[in-house]
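Below you'll find the structure, written out as structure tokens, and then a few comments.
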Amino acid sequence: MRILITNDDGIHAPGLPVLEEIARQFSDDIWVCAPAEEQSGAGHSLTLNQPVRLRQYDERRFSVSGTPTDSVMMALREVMDAPPDLLLSGVNRGANLGDDITYSGTVSAAIEGALAGIKSIALSQVYRREGMGDDVPFGAAAQWGPKVIAPLLEAPFAERTLINVNFPPLPASEVKGIRVVRQGFHDYSRGSIVAGRDPRGYRYFWFGLHAIEHTLDHGTDLEAIDDGYVSVTPLQLDLTHHSALGALAERYAE
Ligand code: MN
């Protein structure tokens with residue numbers, strides 16, 4: 001089995017060797033292609049207005065001067081001579097839960113894999129508070145990652161679907177188990193914006209530093225993490241609100 005690994009926190013991200021270690025439990029044919037710099041919050045963006053540079057570190061290790069989507073596209077179309085059987089994105093430093101997944105470079109890299117018809121899994125390590133920098137503990141992901149991935153290797157994935165996995169902010173021994181749950185939602189869209197002044201006197205704004213309020217709706221990824229479980233959520237790329245189709249069509253009927 002051939003596995004492609006990427007990580008939106010960049011080629012030097014602390015979660016990348018964690019995921020490589022997980023992947024090595026399933027295969028020796030591991031390829032890494034990740035953004036050269038951190039790209040968290042890049043969503044599914046694609047670099048169109050400038051060239052991207054490919055840098056090679058060893059036979060199967062590359063960085064791309066672009067987004068997570070650029071990295072997967074480069075891996076599949078330029079770097080690898082045959083497509084991977086599995087794409088793993090992560091382990092992200094921080095949660096990708098609820099409504100936030102549309103901002104996520106981690107999930108978007110897996111979306112790019114799913115679009116190419118490759119079995120794709122996004123993996124994220126939740127941590128308790130902001131400001132931990134590179135000190136985010138990946139123990140839960142390291143130990144529970146293989147247990148989450150193994151059953152998925154045998155499972156059929158429908159076309160244009162992927163799996164989003166989050167590990168709770170607990171030592172591995174305190175994680176209670178694995179729950180398959182739906183995507184939750186936040187009560188309001190974003191956390192507050194922090195304003196300040198830079199050393200040259202210009203105003204700046206910084207997004208996403210505060211915890212976002214949410215109601216822990218039953219059966220969601222947010223609830224599973226809060227309860228101390230690994231959350232596993234199947235996602236689909238079809239964003240159509242199917243139940244609205246009929247009523248909307250009637251509004252345009254002659
Ligand atoms: Mn990230």
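The values are calculated or read from the model by the stated rules, or taken from the named source; none is laboratory data. This is a predicted model, so every value here is computed, not measured. A quick note on method: Cβ atoms are made from the backbone with ideal geometry, for glycine too, and the neighbour counts reach across all protein chains shown. Note: accessible area is taken over every heavy atom of the protein model, side chains too, but ligands, DNA and RNA are not part of it. Shrake-Rupley method; radii C 1.70, N 1.55, O 1.52, S 1.80 Å.
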Points 7 angstrom from Cα along the Cβ direction at ASP85 and ALA253: gap in nanometres? 5.1
Tell me, what % of the accessible area of segment 140-193 is carbon and sulfur with a 1.4 angstrom probe? 56
Using just the Cα positions, wrap the chain in a convex hull and report its mean projected area in square nanometres, one decimal place. 17.3
Choice from PHE62, PHE205, PHE167 showing the highest fluctuation, given a GNM over the chain with Cα pairs closer than 10 Å: PHE205
What order do MET73, MET1 take when sorted by accessible area (1.4 Å probe), most exposed first? MET1, MET73
Can you tell which of PRO14, PRO68, SER89 lies farthest toward the positive end of the dipole of segment 1-102, using +1 and -1 charges on the Cβ of basic and acidic side chains (Lys, Arg; Asp, Glu)? PRO68
Segment 1-64 - percent of accessible surface contributed by carbon and sulfur, probe 1.4 Å: 42
Compute the whole-percent fraction of alpha carbon pairs in segment 17-144 spaced more than 19 Å apart. 48
Could you check which residue among HIS186, HIS241, HIS12 shows the biggest mean-square fluctuation in a GNM of the chain with a 10 Å Cα cutoff? HIS241
Ellipticity estimate at 222 nm from DSSP helix runs (n ≥ 4, -39,500 (n - 2.57)) divided over the chain, nearest 500: -6500 deg cm²/dmol
With every protein chain kept in the model, how would you rank ARG55, ARG128 by accessible area, 1.4 Å probe, largest at the top? ARG128, ARG55
For SER120, other-chain or 5+-apart residues with amide H closer than 5 Å (H placed, Pro excluded) are LEU87, ILE163
At a 1.4 Å probe, what is the % contribution of carbon and sulfur to the accessible area of segment 74-135? 44
Magnitude of the Cβ-charge dipole of the chain, K/R +1 and D/E -1, about the Cα centre, nearest 20 debye? 360
Long-range amide H partners of PHE62, meaning residues 5 or more apart or on another chain whose placed amide H is closer than 5 Å, are VAL32, CYS33, ALA34, TYR57
For the chain, modelled as a Gaussian network with Cα springs under 10 Å, which listed residue fluctuates most, ASP100, ASP226, ASP135? ASP135
Surface per residue (accessible, 1.4 Å probe) for segment 4-102, Å²: 45
